[in-house]
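Notes follow once the structure below has been shown.
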Amino acid sequence: MSPQALRIVHTESSLGWGGQEIRILLEARGLIGRGHDVRLLCAPESRILVEAPNWSVPAEALPIARKRVAGLRALLEWFRAHRADVVCTHSSTDSWLAALALLALGRPAPIVRMRHISAPVPRDPMTRWLYTRACARIVTTGEALRRALIERNRFPAGQIVSVPTGMDAGRFRPGDRAAARAALGLPTEGILVGIVATLRSWKGHRDLVEAVARVPESVRLVIVGDGPQRSAIETQVARRGLGARVVMAGDQADVLPWLRALDIFALPSYANEGVPQALIQAMLVELPCVTTAVGAIGEIAEHERTAIVVPPRDPQALAEAIARLAADPERRRALGAAARRRCIEDYALERMLDRMEAIYREVARA
């Protein structure tokens, strides 16, 4: 390590897999590439532990999936044995365990608390302690999330900064749609609408299925991802008689070919969003997007400029937006081009790494 390199430790108690976990690995890999010593502490049964080697991110398993003494003891032992310049926590459980462990050790390293989703943060005194006195900085994945913590929770504005996830615009770029469809075995004719997201209720998959049932049969739907709502979505597809028009692609290690195969991207989320990574990726591929203004989505999706924005939980409005784009190829091209320009300006990978690196250096020096 160079004298300027930092020892950065991420903690993550989540067992699932989605944008939050990908953000951790994306950032960690980027800062490792800049010469920093970055490692991840996570639960032994977590998906991120399995995925970390694929991102060249060192990860260690500790029993931190639940708020239990075993997890607190494990973190105490780990931090006694390893020096850290900064600790970045991501979910509620690991944030509490790390804060208490570091407090017991005399606070040998500052904490940066990442806030990935727009769900309200409790307003009790203990949570206030966790987010303010226990942490040197709070980093949100969108400005709307930052404002909510300031206005709703009354957390100090100067302690909170928004750093949306950045994507590699050199990799996520338009490609040959026909070739992508052929390689994936997708229909060569008609309009393909797609969504890339973990199959969770608030992502709006069921609203999207209902919307597709209301548009012309030449429009088909591609659902990339897996998750707890899969069975419910499959049941809905069968009930609406859409089996021939819906492709359930499951998890894909590389979503880029799937994005390149689409004509329209849809993300009708109704809760818990920062600035979704899949939306940034779709925009970089120059896809016209139909989405909502939930969470921080409105910071990247400007109605009729970089996307079509519809009300959440409104399948009819969603259907009308999809039908309008399906019938207007010139509008699709213009909207997609504007979306890519916006993402290159504000959501570049190097920009995210620059900002996170600066935050870690600042709190490590304090």
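Restricted to region 32-65, and to residues that are hydrophobic (A, V, I, L, M, F, W, C) and closer than 15 Å to Leu353 by Cβ, which residue is surrounded by the most Cβ atoms within 10 Å (Cβ to Cβ)? Can you show your working first?
If we filter region 32-65 for residues that are hydrophobic (A, V, I, L, M, F, W, C), which is where we start, we get 32, 38, 40-43, 48-50, 52, 55, 57, 59, 61-62, 64-65.
From what's left, closer than 15 Å to Leu353 by Cβ: 32, 38, 55, 57.
Numbers: Ile32: 17, Val38: 23, Trp55: 17, Val57: 21.
My answer is Val38.
Return the only residue of Ala293, Ala348, Ala301 being closer than 20 Å to Arg173 by Cβ and surrounded by fewer than 20 Cβ atoms within 10 Å (Cβ to Cβ).
Details: Ala293 fails: closer than 20 Å to Arg173 by Cβ; Ala301 fails: surrounded by fewer than 20 Cβ atoms within 10 Å (Cβ to Cβ).
Of the residues listed, the single one that is closer than 20 Å to Arg173 by Cβ and surrounded by fewer than 20 Cβ atoms within 10 Å (Cβ to Cβ) is Ala348.
Restricting the first member to region 339-366 and to residues that are free of Cβ contacts under 8 Å to residues at least 40 places away in the same chain, and the second to residues that are crowded, with 18+ Cβ neighbours inside 10 Å and among the hydroxyl-bearing types (Ser, Thr, Tyr), the beta-carbon pairs closer than 9 Å and six or more apart or on different chains are Arg341/Thr306.
Just one of Ala366, Ala327 is at pLDDT below 95 and surrounded by fewer than 21 Cβ atoms within 10 Å (Cβ to Cβ); which is it?
Details: Ala327 fails: at pLDDT below 95.
None of the others qualify; the one that does is Ala366.
Of the residues making up region 124-135, those that are outside any helix (DSSP H, G or I) and either within 18 Å of the chain's Cα centre (by Cα) or crowded, with 20+ Cβ neighbours inside 10 Å (or both) are Ala134, Cys135. Within region 111-123, is even one residue among the β-branched types (Val, Ile, Thr), within 25 Å of Ala59 (Cα to Cα), crowded, with 22+ Cβ neighbours inside 10 Å and out of contact with any Lys or Arg (no Cβ under 6 Å at 6 or more places or on another chain)? Yes, region 111-123 contains a residue that is among the β-branched types (Val, Ile, Thr), within 25 Å of Ala59 (Cα to Cα), crowded, with 22+ Cβ neighbours inside 10 Å and out of contact with any Lys or Arg (no Cβ under 6 Å at 6 or more places or on another chain).
The sole residue among Pro315, Pro288, Pro276 that is crowded, with 17+ Cβ neighbours inside 10 Å, within 15 Å of the chain's Cα centre (by Cα) and of a type outside the set (A, V, I, L, M) is Pro276.
Looking only at residues in region 76-102 that are among the acidic types (Asp, Glu) and within 28 Å of the chain's Cα centre (by Cα), which one is nearest to Gly16 (Cα to Cα)? Quick ask: steps written out before the conclusion?
Going through region 76-102, the residues among the acidic types (Asp, Glu) turn out to be 77, 85, 94.
After this cut, where a residue has to be within 28 Å of the chain's Cα centre (by Cα) as well, the list is 85, 94.
Values: Asp85: 27, Asp94: 14 Å.
Per the stated criteria, the residue is Asp94.
Number of residues in region 322-340 that are of a type outside the set (Val, Ile, Thr) and under 25 Å from the mean Cα position of the chain (by Cα): the value is 7. Selection of region 1-19 for residues being farther than 18 Å from Glu60 by Cα and not hydroxyl-bearing (Ser, Thr, Tyr) yields Met1, Pro3, Gln4, Ala5, Leu6, Gly18, Gly19. Residues that are outside any helix (DSSP H, G or I) and in contact with a Gly (Cβ under 7 Å, 6 or more places away or on another chain) were ranked within region 274-290; the one that is farthest from Gly175 (Cα to Cα) is Gly274.
The values are calculated or read from the model by the stated rules, or taken from the named source; none is laboratory data. Everything quoted here is computed from the prediction, not taken from an experiment. With ideal geometry, Cβ positions are generated from the backbone for all residues, glycine too; neighbour counts draw on all protein chains shown.
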